[in-house]
1. Does region 157-195 hold any residues that are of a type outside the set (Gly, Ala, Ser), assigned to a loop (DSSP other than H, G, I, E, B) and within 15 Å of Leu88 (Cα to Cα), and which are they?
2. Every residue in region 126-185 that is over 19 Å from the mean Cα position of the chain (by Cα), within 11 Å of ligand 2 (Cβ to nearest atom) and under 26 Å from Ile2 (Cα atoms), please.
3. What are the residues in region 50-107 that are at pLDDT 95 or above and small (Gly, Ala, Ser), if any?
4. Quick one: would you say Ile111 is assigned to a helix (DSSP H, G or I), more than 16 Å from ligand 2 (Cβ to nearest atom), over 24 Å from Met1 (Cβ atoms) and among the β-branched types (Val, Ile, Thr)?
5. Just one of (1) at negative phi; (2) of a type outside the set (A, V, I, L, M); (3) more than 19 Å from the chain's Cα centre (by Cα) trips up Ser189, so point out which.
6. What is the residue count in region 116-156 for residues that are in contact with a strand residue (DSSP E or B) (Cβ under 9 Å, 6 or more places away or on another chain) and closer than 20 Å to Ile234 by Cα?
7. Where residues in region 7-29 are of a type in the set (Gly, Ala, Ser) and on the phi > 0 side of the Ramachandran plot, which of them is farthest from the chain's Cα centre (by Cα)?
8. Search region 51-63 for residues that are farther than 15 Å from Gln38 by Cβ and touching a residue at least 24 places away in the same chain (Cβ under 8 Å) and pair each with any residue that is assigned to a helix (DSSP H, G or I) and within 16 Å of ligand 2 (Cβ to nearest atom) when their beta-carbon atoms are under 6 Å apart and the residues are at least 6 apart or on different chains.
Amino acid sequence: MIACITGATSGIGKATALIFAENNYDLIITGRRAERLQELKNEIINKYRVKVVDLCFDIRDEQQVKNAVNTLPGEFSRIDVLVNNAGLAAGLAPIQDGQIAHWEQMIDTNIKGLLYMSKHVANIMIPNKKGHIINIGSVAGKEVYANGNVYCATKHAVDALNKGMRIDLLPHNIRVSAVNPGMVETEFSIVRFEGDEERAKKVYENIVPLKPEDIAETIYWIASRPAHVNINDILIMPTIQANATTILR
Ligand code: NDP
Ligand code: 8X3
């Protein structure tokens, strides 16, 4: 079995790559940071003895996505599972103060990048008459919170695309699932606050957030259901978080 995991250089994507490798999947791992991809590839090969292809590209660039997917080595050109994980939040500001560059980065990565990957990988899965696309959404795709405007909109788009893809790919025996996490401690907040580690740390202060491994286990569980079972949608929260804004500190 072959799994392709986008955004495997950090957080949820990295933990997902490790759990699939542990379960004997060969892997395609992607991200923009070549050194981290290489380190993860070495770690996985040494530990789990599976095959790994690392693809370094920016998911916002459709040509790069197409080239990466269409030039996979022969034995990797059958993808069983695609985990659409690469994504980010940039900034946290009221709409009138939002930075256009942040909006474009989130829309281009979280929506358009996910679309490019889904289209090109679905076209590999369709002739095989099977496959599974697992989309990483968010609680921010189910609710909106103050200053989350555009990030929440991109994750609402992922929610809609998850439902739409499930319909469109139904005749091709391709399963489509979404995992929507609440707060997970990764590099997410460091990226959101543009490297301000102190501010990022405060997000998880005095709470027990989810760990990337909690989400990775859920993703693997979804992928490992029997072929006749599709998990459409999961919302998974830390116990201290009831919804997007109600958090016990
Ligand atoms: P991290 O910042 O730790 O990881 C994000 C990953 O996305 C990195 O591997 C990064 O790789 C990749 N990525 C970002 N932009 C691009 C791009 N343009 N091209 C290719 N890869 C890209 O965050 P998380 O692990 O937390 O985030 C993973 C997913 O989970 C995201 O979709 C996020 O929205 C979602 N999520 C996170 C939650 C949280 O609380 N952490 C909660 C709910 C959902 P690189 O920089 O090397 O390109
Ligand atoms: C990431 C979680 O609550 O910051 O999607 O939107 S949140």
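The values are calculated or read from the model by the stated rules, or taken from the named source; none is laboratory data. These figures come from a predicted structure and were not determined experimentally. Cβ coordinates were reconstructed from backbone atoms using ideal geometry, including for glycine residues, and neighbour counts include every protein chain displayed.
1. Met183, Glu185, Thr186, Glu187, Phe193, Glu194
2. none
3. Ala68, Ala86, Gly87, Ala89, Ala90, Gly91, Ala93, Gly98, Ala101
4. On the way: assigned to a helix (DSSP H, G or I): yes; more than 16 Å from ligand 2 (Cβ to nearest atom): no; over 24 Å from Met1 (Cβ atoms): yes; among the β-branched types (Val, Ile, Thr): yes.
Taking the combined requirement at face value, the residue does not satisfy it.
5. (3)
6. 14
7. Kept after step one, since they are of a type in the set (Gly, Ala, Ser), are these residues of region 7-29: 7-8, 10-11, 13, 15, 17, 21.
With the extra rule that they be on the phi > 0 side of the Ramachandran plot, the set shrinks to 7, 11.
Numbers: Gly7: 6, Gly11: 10 Å.
Selected residue: Gly11.
8. Cβ pairs passing all conditions: Ile59/Gly113; Arg60/Thr109; Arg60/Gly113.
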